[in-house]
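For reference, the structure discussed in these notes is given below.
The values are calculated or read from the model by the stated rules, or taken from the named source; none is laboratory data. Since we're looking at a predicted model, the values are computed, not measured. Methodologically, a virtual Cβ is constructed for each residue, glycine included, from the backbone with ideal geometry; neighbour enumeration extends over all protein chains shown. Side chains included, ligands, DNA and RNA excluded: accessible areas come from the protein's heavy atoms. Shrake-Rupley method; radii C 1.70, N 1.55, O 1.52, S 1.80 Å.
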Amino acid sequence: MKWVYIEEISEYQDQDIELRGWLFNKRSGGKIRFLLVRDGTGIIQGTIFNPQEESPLFKQFDELTQESSLIVRGKVKEDKRAPGGYELEIKEIEIIQIAKDYPITPKSHGVPFLMEHRHLWLRSQKQHAILQIRAELIKAIRDFFDGRGFRLMDTPILTPSACEGTTTLFETEYFDQKAYLSQSGQLYNEATAAAFGKVYCFGPTFRAEKSKTRRHLIEFWMVEPEVAFALLDDIIKLGEDLVVFIVERVLEERKKELDILERDTKPLEKVKKPFPRLTYEEALQKIKKKGSKMEWGDDFGAPDETMISEFFDKPVNITHFPLSAKAFYMEPDPKRPDLALCVDMLASEGYGEIIGGGQRIHDLSLLEKRIKEHQLPKEAYKWYLDLRKYGSTPHSGFGLGIERTLSWLCKIKHIRETIPFPRLLYRIYP
Ligand code: 4AD
Ligand code: MG
């Protein structure tokens, strides 16, 4: 019999097939037994009908426990009432391994327990749905950039220099030198953009965030486009196009998973261009009126971001932050040199920043001055300064955080559920 996956079961109506998977649940009623089998692509109900209690299939049924691995063979039957629309009339069961005392039972468990068993928790329906959407999101992002002629450039993870400030750097030994885990591929993207015009990198990034929040991971994935000759406005529009594209794709392709998560999709359906734009100062005024204690020069805290996003029913772009609150490479606004030509995009529904980016300094002497002011070691940035010596151009880019974006798309409270194995302040296990 042919081994098939549950997601393609509709192609095998009235045929005998084989499924390989795990027991999700079981129940019995009179002369009939029901097995819920999952194979990673879906869950199907298998039925065993036998008028004699002595049936060997019934014996196997009794033996099976939650998460036991098995192969089932039988005939695919359409059944409108069944979840997924199909059932399997089981003719044979081959037990591979009996799982004894699977720790995650249908009753509810506390988060610490689940995090401790993350390697098993991934099998539960909700976690499975989130990670299916994650894979779709990543595919959508790649399709978006590849479809627009951006070249994928993989940037290094071990680096000699900081991109986003030195307080969150992870230091490691590099033979007889020091190295840091990458906080962002941006600086390297600036070099590849001068070689390829428009590029993106996509990979894991690392920040030793000392605060415990619902929005921060220590290891997270970021997609970062960089475009030579682009100005702030170009990159804001690119960010809007990207976000509209991924929202549409997820709504189209992952409806089943959004349903499992009970995600109300109406707010996502409103994610259309253009998004509202505010300057930092306008946003600050708005939230001060609502009681925020934030002062000019501070970065928005999570509650401030939530407050701002509540004024709108779409994501919002905030531009022109004080230079003093931003990284060393930010281009100053010629009209207000104390402000940066930068953008943070806040997701709707209170989810906070998903994009950070802007225009980069392209003048050599200004960049040298900033590196000094930020007390960064000049030698480590020598190659980066070369980019301003040999055909320097205005250029811009941004980074979109995958897990932040996924938290919002799935509307889940804590970022820890958006990556298979989250690295958190107090957790590196499993
Ligand atoms: O705003 P950030 O720090 O920007 C940069 O790293 C730029 N170098 C990117 C660029 O211009 N190429 O980070 C960008 C995004 C944030 O908006 C957020 O979505 C995500 O990365 N992010 C985090 N996500 C999870 N956990 C953390 N600790 C994060 N820090 C940033
Ligand atoms: Mg940021």
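Surface analysis of the chain yields an accessible area of 49 Å² per residue, using protein heavy atoms and a 1.4 Å probe.
For the chain, modelled as a GNM whose springs connect Cα atoms under 10 angstrom apart, the maximal fluctuation among Pro56, Pro103, Pro377 occurs at Pro56. Summary of the geometry: segment 284-299 and segment 122-148, compared by the centres of their Cα atoms, lie 35 Å apart.
Between Phe58 and Thr306, what length in nm is gained on full extension when 0.36 nm per residue of separation is reduced by their alpha carbon distance? It would help to have the intermediate numbers written out before the result.
Details: separation 248, 0.36 × 248 = 89.28 nm, distance 5.49 nm.
Fully extending the segment from Phe58 to Thr306 adds 83.8 nm.
Extension gain for Lys378-Asp313 works out to 19.0 nm (0.36 nm per residue, less the C-alpha to C-alpha distance).
Nearest-5 percent of antiparallel DSSP beta bridges in the chain? Before the final figure, lay out each step's value.
Values: 71 of 81 bridges.
In the chain, approximately 90 percent of DSSP beta bridges are antiparallel ones.
For the chain, complete DSSP H runs whose alpha carbons reach 18 Å or more along their own long axis and whose mean Kyte-Doolittle score is -0.5 or higher are 125-147, 232-253.
Consider a paramagnetic label point 7 Å from the Cα of Glu89 along Cα→Cβ; state which residues of segment 37-58 have an amide N under 15 Å from it. Counting only backbone N, you get 46-51. Of the trypsin sites (Lys or Arg not before Pro) found in segment 181-211, the ones in coil according to DSSP and having at most 13 other Cβ atoms within 10 Å of their Cβ are Lys210.
Please report the net charge: other residues with Cβ closer than 14 Å to the Cβ of Gln52, K and R +1, D and E -1. Write down the numbers at each step before the final one.
Working: positive: Lys31, Arg33, Lys59; negative: Glu53, Glu54.
Local charge sum for Gln52: +1.
Counting only protein heavy atoms and a probe of 1.4 Å, the accessible surface of the chain is 53% carbon and sulfur.
Rounded, prolate or oblate: which fits segment 341-416 when a ≥ b ≥ c are the square roots of the eigenvalues of the alpha-carbon gyration tensor, with rounded for a/c under 1.5 and prolate only if a/b beats b/c?
On the way: a/c = 3.26, a/b = 2.54, b/c = 1.29.
In terms of gyration-tensor shape, prolate.
In order along segment 263-276, phi translates into HN-Hα couplings of 7, 6, 8, 4, x, 6, 5, 7, 7, 10, 6, x, 8, x Hz, rounded to whole numbers, per the Karplus curve 6.51 cos²θ - 1.76 cosθ + 1.60 with θ = phi - 60° and x for Gly and Pro.
222 nm [θ] for the chain, helices only, -39500 (n - 2.57) per DSSP H run of 4+, per residue, to 500? List each step's numbers first, then the result.
On the way: 13 runs with 129 residues, N = 430.
Roughly -9000 deg cm²/dmol at 222 nm, from the helical runs in the chain.
A dipole drawn for the chain from +1 and -1 charges on Cβ atoms has a positive end, and of Leu284, Gln127, Val243 the residue lying farthest that way is Leu284. Here the Gaussian network model covers the chain, with springs between Cα atoms less than 10 Å apart; of Arg142, Arg73, Arg249, Arg73 fluctuates the most.
I need the shape label for segment 123-253. Rule: rounded when a/c is under 1.5, else prolate if a/b > b/c, else oblate, with a, b, c from the alpha carbon gyration tensor. Because a/c hits 1.5 or more and a/b fails to exceed b/c, segment 123-253 counts as oblate. Classify the chain as rounded, prolate or oblate, taking a ≥ b ≥ c as the square roots of the eigenvalues of its Cα gyration tensor: rounded when a/c is under 1.5, otherwise prolate if a/b is larger than b/c and oblate if not. It is prolate, given that a/c is not under 1.5 and a/b is the larger ratio. Residues of the chain were split at every exposed loop site, defined as GluC sites (Glu not before Pro) in a DSSP loop with at most 10 other C-beta atoms within 10 angstrom, and the longest piece left, sites excluded, is 55-261.
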